[in-house]
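Here the structure is laid out as structure tokens; the discussion comes afterwards.
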Amino acid sequence: MIPLIINSFISFRWLDMVDILLVALLLFKLYDIIKGTVAINIFIGIIAVYFIWKLVKGFEMELLSEILGQFISVGVIALIIVFQQEIRQFLLLLGKPSFIKKGLKGFLFWNFSINKTTIFDIEPVINACKRMSASKTGALIVIAKKNELKQYIESGELINAKISQQLIENVFFKNSPLHDGAMIITDNLIRAARCVLPVTENLEFPVHLGLRHRAAMGISQESDAITIVVSEQTGEISYSLNGELHTNINANLLKQVLMKELNVQ
């Protein structure tokens, strides 16, 4: 009788393996969407609340368990509200025919790059910002970090070119068709220009600043990107990071910030 129970307990079908792989693939893709955004912190917070609820329930702390239980009971609705943008991106991803092919390819262990490092070339960016500041050429440059900002890259014109001072200045030249919008840089490449970014809804945002600054703060609130703005009116250089906007900085300070945030030696 005992061997029979053990055998039934450890029985493992090939469908179970497929089930595990599919769940792992979906979780991997979900992580790929929310990594480097504030959403991942919220997600970790929700998981922490769930485990705390299980803990206090095990210790029979009835009052706290009841409060946390009510929170967990509406967790699905809360997830839909909080992660509505990420859920939309995930569903759009599922609708693409190449999802399974790319997902399986990216999930293979030899395609993982845990210690992947890219040496970012900040000099062309700094020099371009200095020249655009002197000529009062408006610019909005987003440098992605963990979050690759794929959905925003797709909103613009793909470039996929090596970073160069001349290219940055040409893109933001006033008569250029690509100057209106943001340039996004990832993995030491200019991925796209004329990208559409979300604008901040912060009611305390300075009224004298324009849409470039609002977009700079907006994308830094939703991701870990660092955004550089050159004002078309004053030529002042600003940057936004972690939802905070720092205005009227010089090129030397900008260089220090980029070196620190991008781990440039």
Practice prompt. Can you figure out the FRET efficiency of ASN250 with LEU211, using R₀ = 22 Å and their beta-carbon distance, to the nearest 0.05?
Written response: 0.40
Response to the item:
FRET efficiency for GLU123 and GLU60 from the Cβ-Cβ distance with R0 = 45 Å, rounded to 0.05, comes out at 0.15
Worksheet item: If R0 is 41 Å, what FRET efficiency do you get for ARG13 and GLU201 from their C-beta distance, rounded to 0.05?
Response: 0.25
Practice prompt. Within 10 Å of each residue's Cβ, count the other Cβ atoms and sort VAL74, VAL199 from fewest upward.
Written response: VAL74, VAL199
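Once you sort the root eigenvalues of the Cα gyration tensor of segment 123-261 as a ≥ b ≥ c, which label holds: rounded (a/c under 1.5), prolate (a/b larger than b/c) or oblate (the other case)?
rounded
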Worksheet entry | Distant-in-sequence amide H partners of ALA225 (H built 1.01 Å from N, under 5 Å) | LYS145
Practice prompt. Would you please put 16-26, 62-72, 172-182 in order of how densely packed they are, using the mean number of other Cβ atoms within 10 angstrom per residue and starting with the highest?
Written response: 172-182, 62-72, 16-26
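Just want the ordering: GLU236, GLU60, GLU244, from fewest to most Cβ atoms lying within 10 Å of their own Cβ. Before the final figure, lay out the partial values.
Values: GLU236 16, GLU60 7, GLU244 10.
Taking fewest neighbouring Cβ atoms as first place, the list is GLU60, GLU244, GLU236.
Order by neighbour count: SER155, SER220, fewest other Cβ atoms within 10 Å first, most last.
Listed from fewest to most nearby Cβ atoms, that is SER155, SER220.
Every number here is computed from the coordinates shown, using simple stated rules; none is lab data. Quantities reported herein were computed from a predicted structural model and do not represent experimental measurements. Ideal geometry is used to build each Cβ from the backbone, glycine not excepted, and the neighbour counts take in all protein chains shown.
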